[in-house]
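Taking it in order: structure first as structure tokens, then the write-up.
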Amino acid sequence: MQFQNVQQSALANNQFRKVLFTNKHSQVVLMSIPPGEDIGREVHELVDQVLVFVKGKGRADVGGETHDISPGDMFAVPAGMEHDFINTGTEDMKLFTVYSPPEHPDGVVHATKADALAHPEE
């Protein structure tokens with residue numbers, strides 16, 4: 001069992017993507033998206049994803065619908081649905097996401113989106 005305050009961890013995180021921990025059937029990942037940047041339009045064919053936003057503001061494009069993002073918002077994205085999350089604010093947008101099953105190798109850290117794109121196998 002792992003215990004920590006995930007909101008505080010997300011607020012302290014300055015990495016684009018940082019795997020916090022991985023279980024057999026799920027994974028928690030912290031993300032920090034700089035102003036004007038996005039997570040990247042993607043589809044996880046076999047993975048459900050839940051994203052919880054703890055700081056900043058943005059726009060969610062999920063399944064052809066657009067929604068504003070504020071701290072405390074949660075989006076549940078089922079497998080197979082196209083999605084992207086864009087930081088429209090002036091400060092880093094902080095969030096944590098739960099993948100089920102895990103999406104990334106345990107312990108992966110990508111400092112920037114460019115780093116993540118350069119290492120898509122991670």
- request: Would you be so kind as to identify which of Leu46, Met93, Ala60 lies farthest towards the positive end of the dipole of segment 6-118, taking Lys and Arg as +1 and Asp and Glu as -1 on Cβ and the Cα centre as origin?
  value: Met93
message: Can you give me the Rg/Rh ratio for segment 6-118, using Cα atoms for both radii and the Kirkwood formula for Rh?
response: 0.92
- request: List the relative contact order of segment 1-64 as a percent without decimals, with contacts defined as Cα pairs under 8 Å and 6+ residues apart.
  value: 26 percent
- prompt: For the chain, what is the relative contact order in percent, using Cα pairs closer than 8 Å and at least 6 residues apart in sequence?
  reply: 35 percent
message: Given points 7 Å out from each Cα along the Cα-Cβ axis, report the Ser70 to Asn5 separation in nanometres with one decimal.
response: 2.3 nm
- prompt: Which chymotrypsin sites (Phe, Trp or Tyr not before Pro) from segment 1-104 combine a DSSP loop assignment with at most 14 other Cβ atoms within 10 Å?
  reply: Phe3
task: Provide the net charge surrounding Lys57, with neighbours chosen by a C-beta distance below 10 Å and charges set as Lys +1, Arg +1, Asp -1, Glu -1.
output: -1
message: Could you compute the longest span of the chain free of trypsin sites (Lys or Arg not before Pro) located in DSSP loops and having at most 13 other Cβ atoms within 10 Å, not counting the site residues?
response: 42-122
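We did not get these values from a lab; they are worked out from the coordinates using the rules stated. All of these numbers come straight from a predicted model, not from anything done at the bench. Glycine also receives a Cβ, built like all others from the backbone with ideal geometry; neighbour counts cover every protein chain displayed.
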